[in-house]
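Enquirer: Before I ask anything, let me first share the structure, which is written out below as structure tokens.
The values are calculated or read from the model by the stated rules, or taken from the named source; none is laboratory data. Every value quoted in this text rests on a predicted model; they were computed, and no experiment measured them. Using ideal geometry, Cβ is built from the backbone for each residue, glycine included, and neighbour counts are taken over all protein chains shown.
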Amino acid sequence: MGIWHGVKYKEIFEYFEEISAIPRGSGNERAISDHLMGFAEKKGLKAFRDAALNVVIKKDATQGYEKAPTVIIQGHMDMVCEKNRGVLHDFEKDPIRLRREGDMIYAHDTTLGADDGIAIAYGMALLASKNIPHPAIEVLMTVDEEATMSGVHNLDVSFISGKLLINLDSEEEGKFIVSSAGGRKAKVVLPIAWEAASENMSSYYLRIDGLKGGHSGLDIEKGRGNANKLMGRLLSDIDESFGISIAAINGGMKSNVITRECEALVLVNEEELGSINKKLEEWNETFRNELRASDNGITVSMEKAEKEATNVFSKATGKKVIAMLMILPNGFQSMSMEIKGLVESSTNLGVVETKEEEVFFYNEIRSSVLSLKLNLFNQIKTIAEKFGGKVNVDSDYPEWSYNPDSELRSVCSKVYKRMYGKEAEVLMMHAGLECGVFMSKIRELDAISIAPNLFDVHTPNEHFSISSAERVWEFLLETLKEMKYMNCTK
């Protein structure tokens with residue numbers, strides 16, 4: 001009967017399945033951008049694409065809504081590409097394979113891309129509709145949101161006339177996001193001094209895996225383990241106890257993902273292998289005790305490498321790498337004193353990567369306060385320089401400040417109360433949304449972010465609720481209908 005049997009608004013989910021077949025990791029959006037331009041052509045709609053590959057598709061107001069203000073419906077094309085260890089999936093070529101479990105849609109051992117594919121599917125369904133009343137709409141679909149936000153930073157706003165923006169990139173139904181954190185990606189570069197491996201030592205892979213991971217903004221306050229940081233503690237103890245050499249260390253795939261797995265190629269003395277394994281058992285117990293509420297599946301293991309390493313980090317480089325893992329800030333750094341439960345500032349050591357001449361440490365910094373964001377960056381910079389490294393800024397985006405006079409928020413709140421008989425939650429978000437950049441590029445823009453219930457985004461367990469997606473679609477349509485009565489000067 002098909003995966004969408006029994007769903008209420010099949011067109012939305014069929015569009016989601018359609019775009020899921022197109023590889024669209026950050027930096028690989030040409031195919032999905034082409035697809036959206038082709039979609040607009042088939043539907044006879046005006047479409048514009050800028051040099052960054054962002055796409056805007058416009059649709060005229062339906063009868064009776066000609067004087068209503070133009071509305072921008074916005075989401076991003078790209079997705080975070082994460083998969084479980086051993087899964088044979090090429091994110092550059094292979095489609096995302098969907099599976100359904102009751103009300104939930106998952107992928108097969110990879111991220112799903114509902115963040116933010118559900119926004120694109122909503123936009124396509126709205127553009128293709130023939131009987132939905134709405135003002136003039138501009139469906140804006142950006143690229144590279146999950147990596148550097150280069151799409152929105154390079155957006156050609158001359159294609160856009162609307163002053164009301166509904167962003168569809170949050171993750172919880174019934175929660176209106178009206179402010180978000182700013183962020184900066186800080187890449188620490190540490191030079192490697194190599195030396196020949198000792199002949200009386202053997203090569204092993206030291207691994208930490210089984211962690212839950214998650215979104216480095218939305219899940220950072222949950223205290224989940226970061227495999228890179230835990231590896232620092234593990235290596236520090238084993239090196240101090242037995243004296244090891246490090247040939248490589250690699251953990252994580254994206255800076256905005258709480259790291260689930262880390263692997264270090266280390267050289268150890270075979271005669272001490274029994275004692276090392278006993279030490280690993282102790283660390284297994286320690287980590288499972290510390291993380292019993294958040295990551296009870298964590299595993300520390302060691303496996304013989306197929307090939308012996310011929311070169312290793314010098315002792316000095318190895319000590320620096322371990323020290324960096326130990327002292328780089330990670331997790332939430334401050335909580336808001338004004339909004340209960342809101343993380344104000346955080347960092348995430350999302351990726352550690354060994355290259356030929358350098359080790360890279362990718363840090364995702366977030367804060368709703370600019371000065372605190374800069375302070376965290378300066379902390380990382382100071383640490384890097386202390387150990388002979390340097391820091392590059394891969395991207396930087398502004399915070400989205402709360403607008404106490406938002407007419408759009410008032411309309412959404414009115415519609416929600418009418419539909420559900422209760423107030424929607426109005427929240428500020430500790431995650432980066434493109435709205436902050438839009439505000440800096442489009443004068444007098446009024447924005448809100450809504451979305452259906454998405455779970456475990458940025459992990460291979462990512463899934464979304466069909467029924468929630470249907471309810472949010474109904475809410476979106478009612479909101480567009482209500483805009484007939486808004487201030488027509490916008």
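Enquirer: List every residue pair whose Cβ atoms sit under 9 Å apart, with the two residues 6 or more apart in sequence or on different chains, where the first one lies in region 147-158 and is under 9 Å from residue 50 (Cα atoms) and not assigned by TED's automatic domain parsing to the domain that holds residue 458 and the second, anywhere, is among the small types (Gly, Ala, Ser) and assigned to a helix (DSSP H, G or I).
Expert: none
Enquirer: Every residue in region 5-37 that is free of Cβ contacts under 8 Å to residues at least 60 places away in the same chain and over 29 Å from residue 254 (Cβ atoms), please.
Expert: Selection gives 5, 6, 10.
Enquirer: What residue, among those in region 306-334 that are surrounded by fewer than 19 Cβ atoms within 10 Å (Cβ to Cβ) and among the basic types (Lys, Arg), is farthest from residue 216 (Cα to Cα)?
Expert: 307
Condition check ((1) out of contact with any His (no Cβ under 8 Å at 6 or more places or on another chain); (2) modelled with pLDDT of 95 or more; (3) hydrophobic (A, V, I, L, M, F, W, C); (4) closer than 19 Å to residue 239 by Cα) across all residues:
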site	(1), (2), (3), (4)
313	yes, yes, yes, yes
317	yes, yes, no, yes
324	yes, yes, yes, yes
327	yes, yes, yes, yes
340	yes, no, no, no
347	yes, yes, no, no
363	yes, yes, no, no
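Listed here are the residues, each with its yes/no results for (1) crowded, with 20+ Cβ neighbours inside 10 Å; (2) small (Gly, Ala, Ser).
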| residue | (1), (2) |
| --- | --- |
| 181 | yes, yes |
| 185 | yes, no |
| 196 | no, yes |
| 199 | no, no |
| 204 | yes, no |
| 208 | yes, no |
| 217 | yes, yes |
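Enquirer: Additional query: What residue, among those in region 440-465 that are of a type in the set (Gly, Ala, Ser) and not in a loop (DSSP other than H, G, I, E, B), is nearest to residue 78 (Cα to Cα)? Working first, answer last.
Expert: Residues of region 440-465 of a type in the set (Gly, Ala, Ser): 440, 447, 449, 451, 465.
Retained after the next criterion (residues that are not in a loop (DSSP other than H, G, I, E, B)): 440, 447, 449, 465.
Numbers: 440: 22, 447: 21, 449: 18, 465: 20 Å.
So, considering only residues that are of a type in the set (Gly, Ala, Ser) and not in a loop (DSSP other than H, G, I, E, B), the one nearest to residue 78 (Cα to Cα) is 449.
Enquirer: Identify the single condition in (1) out of contact with any helix residue (DSSP H, G or I) (no Cβ under 8 Å at 6 or more places or on another chain); (2) part of a loop (DSSP other than H, G, I, E, B); (3) among the small types (Gly, Ala, Ser) that residue 468 does not satisfy, given that it satisfies every other one.
Expert: Going through the list (1) out of contact with any helix residue (DSSP H, G or I) (no Cβ under 8 Å at 6 or more places or on another chain); (2) part of a loop (DSSP other than H, G, I, E, B); (3) among the small types (Gly, Ala, Ser), residue 468 breaks only (2).
Enquirer: Modelled with pLDDT of 95 or more and surrounded by fewer than 14 Cβ atoms within 10 Å (Cβ to Cβ): does that describe residue 41?
Expert: Working: modelled with pLDDT of 95 or more: yes; surrounded by fewer than 14 Cβ atoms within 10 Å (Cβ to Cβ): yes.
Criteria met by residue 41.
Enquirer: Quick check on residue 345: is it over 17 Å from residue 255 (Cα atoms) and among the polar types (S, T, N, Q)?
Expert: On the way: over 17 Å from residue 255 (Cα atoms): no; among the polar types (S, T, N, Q): yes.
No: the conditions fail for residue 345.
Enquirer: Please work out if residue 240 is surrounded by fewer than 21 Cβ atoms within 10 Å (Cβ to Cβ), of a type outside the set (S, T, N, Q) and modelled with pLDDT under 95.
Expert: On the way: surrounded by fewer than 21 Cβ atoms within 10 Å (Cβ to Cβ): yes; of a type outside the set (S, T, N, Q): yes; modelled with pLDDT under 95: no.
No.
Enquirer: Confirm whether residue 139 is part of a strand (DSSP E or B), touching a helix residue (DSSP H, G or I) at 6+ places or on another chain (Cβ under 6 Å), over 30 Å from residue 297 (Cα atoms) and outside the structural domain of residue 350 (by TED's automatic domain parsing).
Expert: Numbers: part of a strand (DSSP E or B): yes; touching a helix residue (DSSP H, G or I) at 6+ places or on another chain (Cβ under 6 Å): yes; over 30 Å from residue 297 (Cα atoms): yes; outside the structural domain of residue 350 (by TED's automatic domain parsing): yes.
Yes.
Enquirer: Show me the strands (runs of 3 or more DSSP E) found entirely inside region 153-248 where at least 2 residues are within 30 Å of residue 344 (Cα to Cα) and of a type outside the set (Lys, Arg). If you could, list the steps in order and put the result at the bottom.
Expert: On the way: elements: 164-167, 175-180, 182-191, 194-196, 202-209.
Those strands (runs of 3 or more DSSP E) span 164-167, 175-180, 182-191, 202-209.
Enquirer: Could you go through region 343-352 and let me know if any residue there is surrounded by fewer than 22 Cβ atoms within 10 Å (Cβ to Cβ), in contact with a strand residue (DSSP E or B) (Cβ under 9 Å, 6 or more places away or on another chain) and within 17 Å of residue 193 (Cα to Cα).
Expert: no
To keep it simple, each residue is scored yes or no on (1) in the same structural domain as residue 116 (by TED's automatic domain parsing); (2) farther than 26 Å from residue 449 by Cβ; (3) outside any loop (DSSP other than H, G, I, E, B).
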position: 16; (1), (2), (3): yes, no, yes
position: 31; (1), (2), (3): yes, yes, yes
position: 35; (1), (2), (3): yes, no, yes
position: 38; (1), (2), (3): yes, yes, yes
position: 47; (1), (2), (3): yes, no, yes
position: 57; (1), (2), (3): yes, no, yes
position: 63; (1), (2), (3): yes, yes, no
position: 66; (1), (2), (3): yes, yes, no
position: 88; (1), (2), (3): yes, yes, no
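Enquirer: A follow-up question, please. Any idea which residue in region 51-76 is surrounded by the fewest Cβ atoms within 10 Å (Cβ to Cβ), counting only those that are farther than 25 Å from residue 114 by Cα and of a type in the set (A, V, I, L, M, F, W, C)?
Expert: Filtering region 51-76 for residues farther than 25 Å from residue 114 by Cα gives 51, 60-70.
Among the residues that remain, those that are also of a type in the set (A, V, I, L, M, F, W, C) are: 51, 61, 68.
On the way: 51: 8, 61: 19, 68: 24.
Among those that are farther than 25 Å from residue 114 by Cα and of a type in the set (A, V, I, L, M, F, W, C), it is 51.
Enquirer: Same structure again: Run down 270, 221, 171 and say which single residue is of a type in the set (Asp, Glu), touching a residue at least 60 places away in the same chain (Cβ under 8 Å) and buried (at least 20 other Cβ atoms within 10 Å of the Cβ). Show your work before the answer.
Expert: Working: 270 fails: buried (at least 20 other Cβ atoms within 10 Å of the Cβ); 221 fails: buried (at least 20 other Cβ atoms within 10 Å of the Cβ).
Checking each option against the conditions leaves just 171.
Enquirer: Right, next: Could you tell me which of the residues 212, 175 is charged (D, E, K, R) and in the same structural domain as residue 475 (by TED's automatic domain parsing)? Before you say what the answer is, go through the steps one by one.
Expert: Values: 212 fails: in the same structural domain as residue 475 (by TED's automatic domain parsing).
None of the other options fit; the residue is 175.
Enquirer: Which residues, taken from region 141-182, are touching a Gly at 6+ places or on another chain (Cβ under 8 Å) and closer than 20 Å to residue 69 by Cβ?
Expert: Matches in region 141-182: 167, 168.
Enquirer: Oh, and also: Just one of the numbered conditions (1) farther than 22 Å from residue 38 by Cα; (2) surrounded by fewer than 18 Cβ atoms within 10 Å (Cβ to Cβ) is not true of residue 158; which one?
Expert: Going through the list (1) farther than 22 Å from residue 38 by Cα; (2) surrounded by fewer than 18 Cβ atoms within 10 Å (Cβ to Cβ), residue 158 breaks only (1).
Enquirer: Any chance you could count how many residues in region 72-100 are touching a residue at least 60 places away in the same chain (Cβ under 8 Å) and either of a type in the set (A, V, I, L, M) or within 12 Å of residue 464 (Cβ to Cβ) (or both)?
Expert: The total comes to 9.
Enquirer: Additional query: Restricted to region 302-338, and to residues that are in contact with a helix residue (DSSP H, G or I) (Cβ under 7 Å, 6 or more places away or on another chain) and part of a strand (DSSP E or B), which residue is farthest from residue 287 (Cα to Cα)?
Expert: Within region 302-338, the match that is farthest from residue 287 (Cα to Cα) is 313.
Enquirer: Follow-up. Checking the conditions here, which among 411, 437, 415 is under 24 Å from residue 219 (Cα atoms), modelled with pLDDT of 95 or more and in a helix (DSSP H, G or I)? Working first, answer last.
Expert: Numbers: 411 fails: under 24 Å from residue 219 (Cα atoms); 415 fails: under 24 Å from residue 219 (Cα atoms).
From the options 411, 437, 415, the qualifying one is 437.
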